[in-house]
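K.L.:
This is the structure I want to talk about, given as structure tokens.
Where a number appears in this text, it was derived from the coordinates with a stated rule and is not lab data. What you see is a predicted model, and the numbers here were worked out from it, not measured in a lab. Every residue, glycine as well, gets a Cβ built from its backbone with ideal geometry; the counts of neighbours run over all protein chains shown.
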Amino acid sequence: MAGLAALGLLAAACSTGGTGARDEGAALTAPVERTLPTSAASAAPSARTVDPVRLLRQDPAVSTRIKEGLRPCDEDTYPVDTSYGNLTGGSVPDVVVNVMTCGDAIGIGTYVYREKNKEYTSVFATEEPAVYATIDRGELVVTQQVYAKGDPVSYPSGEDVVTYSWGGGKFTERYRVRNTYSRAVGNGDGISPEPTAPSEK
């Protein structure tokens, strides 16, 4: 009887092990999904680091206003963010450059450069107030704050988030999202939380 009981436990363990393997398999996909953007990760070591300030100053498409305002905020630190990633399907990562103001870090220009024949050329540019671009899974995502009349700089009315994809030698808008912010936030108005009654002891 003891042998039959042991055999029964072994069979039960094998049966539950099958379900456990499926559960573990699903759980193990989480780290893999977190590391899915392998193209960007693998492209990073081959990225040829550029001088974004020099790139902007040599670009005839960059306006005089941006170039004249491109000055260090503190010693030799410029208000420029640079990102490297594969946007256009080239063998060398593309470069996204965001130019901001020194005081409040508001984006005033976004540019994308593509390497060709060992030289970077501009393939996208927008010089609008409160604009900023990022690379998201091989697509260009441009966020721009929307200001209504009377909005302070720190509290825009909303934002437009536009996603662009590369094709046919240019970026094309895929979709646009408009986010509208609550006007109650930041001015002290709005719904007050319910007062909590003191607990009786």
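K.L.:
Got a sec to turn the phi values of the range 76-85 into Karplus ³J(HN,Hα) couplings, 6.51 cos²θ - 1.76 cosθ + 1.60 with θ = phi - 60°, whole Hz, x for Gly and Pro?
P.N.:
10, 9, 9, x, 9, 9, 10, 10, 10, x
K.L.:
For SER157, what residues show an amide H to amide H distance below 5 Å, using hydrogens built from the backbone and excluding near sequence neighbours?
P.N.:
Residues meeting the amide H criterion: VAL146, TYR147, ALA148.
K.L.:
Then there is this: Calculated FRET efficiency, ARG48 and VAL153, Cβ-Cβ r, R0 41 Å, to nearest 0.05?
P.N.:
0.70
K.L.:
Between THR77 and GLU119, what length comes free when the chain is fully extended (0.36 nm per residue of separation minus the Cα-Cα distance, one decimal in nm)?
P.N.:
Taking 0.36 nm per residue and subtracting the Cα distance, the gain is 12.7 nm.
K.L.:
Tell me the relative contact order for the range 47-140 as a rounded percent, counting alpha carbon contacts under 8 Å between residues six or more apart.
P.N.:
Over the range 47-140, the number comes to 21 percent.
K.L.:
Taking H placed 1.01 Å from N in the peptide plane, check which residues at least 5 places from PHE124 or on another chain put their amide H under 5 Å from its amide H.
P.N.:
Amide H neighbours of PHE124: VAL112.
K.L.:
Write out the trypsin sites (Lys or Arg not before Pro) in the range 77-137 meeting two conditions: DSSP loop, and at most 14 other Cβ atoms within 10 Å of their Cβ.
P.N.:
Those that pass, being in a loop and sparsely packed, are LYS118, ARG137.
K.L.:
³J(HN,Hα) across the range 49-65 via Karplus (A = 6.51, B = -1.76, C = 1.60, θ = phi - 60°), whole Hz, x for Gly/Pro?
P.N.:
Karplus values, whole Hz, x for Gly and Pro: 4, 10, 8, x, 5, 5, 4, 5, 5, 8, 8, x, 7, 6, 5, 4, 4.
K.L.:
For SER91 paired with ALA184, estimate the spin-label separation in nm (one decimal), with each label point 7 Å from Cα along the Cα-to-Cβ line.
P.N.:
Reported label-point gap for SER91 and ALA184 is 5.8 nm.
K.L.:
What are the ³J(HN,Hα) couplings of the range 100-110, residue after residue, when phi is run through the Karplus curve with 6.51, -1.76, 1.60 and θ = phi - 60°? Round to Hz, x for glycine and proline.
P.N.:
Ordered by residue, 3J(HN,Hα) equals 10, 7, 6, x, 10, 6, 8, x, 10, x, 10 Hz.
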